[in-house]
Structures are given as structure tokens and as C-alpha cells.
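Undergrad: Please find one structure pasted underneath; my questions will follow.
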Amino acid sequence: MNNSKYYFEVITDGKIVKYAQHKKRKRITRKDYKIIGIQRNTYNGILINEHVKYAIIYNQNKIKKTAFVYENGIIGGEWDFWFNAFKPDEFINKESIINTLEKSAFKEMVESFAIDEIGSSNKLRKKFLTTAST
């Protein structure tokens, strides 16, 4: 190779290829970059992504819990029940989720519950949704 004291080796298919650093590079520091911010979408203090369509807020044993219904019907978050998804016709809108939960044993297992529409497809929209920047 050359007289460089820094190099690395790549081993592929039994061959070793050496790459040398020809000249020392300038050290990159934080002042070389500008921090533009990080956006986090939360609901009731819980980090969520753009696939959350609805929030189910319920009280169980005097504890407030929040679960989320994703675009595909999967239920996640604080959800301790035996079913973890809705059928396609059960989460068409807020009212269909309420009807499904009221017809199930869920209603007897919680003191109260409410449904909030969050949004879908990268458009998180509802006054309850907060965006924090750090």
C-alpha cells in the first residue's frame, strides 16, 4: 500500500482488499452542522406515528389508559384485552368502533371509554394531538 497509517480491509469471497486513507481528513464538529429540529407526534404523552387512525381512551380500575387503532385495524398501546384488532367493517369510522366495543364484553370491563379520530396517511389532525419540538 502506501505510507498511510490508517487503512481498513474488506474481506469478500475469500479476497482481502485494503483501502488506505491518503490524507488526514478535517475533523467534523457540531459547529459544522446546523440543528434544524426534531418533530415528535404524541397523544396523551404517548409517541405515535402517522399510521394511527383512532385513539381509544378508557378507564379501567380507576386508571386512565390510551390504546390506538392503526390503519390496518390492529389495536396497540395500553391494551390488555383478548382481541387485538378490528375487522374492516368495525373501524370504518368513530361510530362503528363505539358500536363494536359496546356490543362486546369490553363495555363491562371498563368504567368508561371514548374514541378520538387522529388521522391517517401522514396527516395527524385533531386538537388533542400535540407536536413537541426539541
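Rule-based calculations on the coordinates, nothing more; no lab input. Keep in mind that what you see is a predicted model, and the values were worked out from it rather than measured.
Undergrad: For residue 43, which sequence-distant residues (separation of 5 or more, or a different chain) have an amide H within less than 5 Å of its own amide H, given hydrogens modelled in the peptide plane?
TA: Answer set, sorted by chain and number: 48.
Undergrad: Checking the cross-link filter: which aspartates and glutamates have an alpha carbon closer than 12 Å to that of residue 53, excluding same-chain neighbours under 8 positions apart?
TA: Within reach: 71, 116, 117.
Undergrad: Also, quick follow-up: Taking H placed 1.01 Å from N in the peptide plane, check which residues at least 5 places from residue 68 or on another chain put their amide H under 5 Å from its amide H.
TA: For residue 68, the qualifying residues are 56, 76, 77, 78.
Undergrad: Determine the equivalent ellipsoid of region 26-72 by diagonalising the alpha-carbon gyration tensor, then write out the semi-axes as square roots of 5 times the eigenvalues, largest first, rounded to whole Å. Write out the running numbers ahead of the final one.
TA: Details: eigenvalues 288, 39, 10 Å².
Each semi-axis is √(5λ); the values are 38, 14, 7 Å.
Undergrad: In addition: Could you go through region 43-49 in sequence order and give the Karplus-derived ³J(HN,Hα) for each residue, using 6.51 cos²θ - 1.76 cosθ + 1.60 with θ = phi - 60°, rounded to whole Hz, and x for Gly and Pro?
TA: Taking θ as phi minus 60°, the curve returns 9, 6, x, 10, 5, 10, 10 Hz for region 43-49.
Undergrad: What shape does region 57-126 take by its C-alpha gyration tensor, where a ≥ b ≥ c are the square roots of the eigenvalues and a/c under 1.5 counts as rounded, a/b above b/c as prolate, and the rest as oblate?
TA: Note, shape of region 57-126 comes out prolate.
Undergrad: Grab the Cα-Cα distance for residue 38 and residue 89, subtract it from 0.36 nm times how many residues apart they are, and report the gain in nm with one decimal.
TA: Here the segment from residue 38 to residue 89 would lengthen by 14.7 nm.
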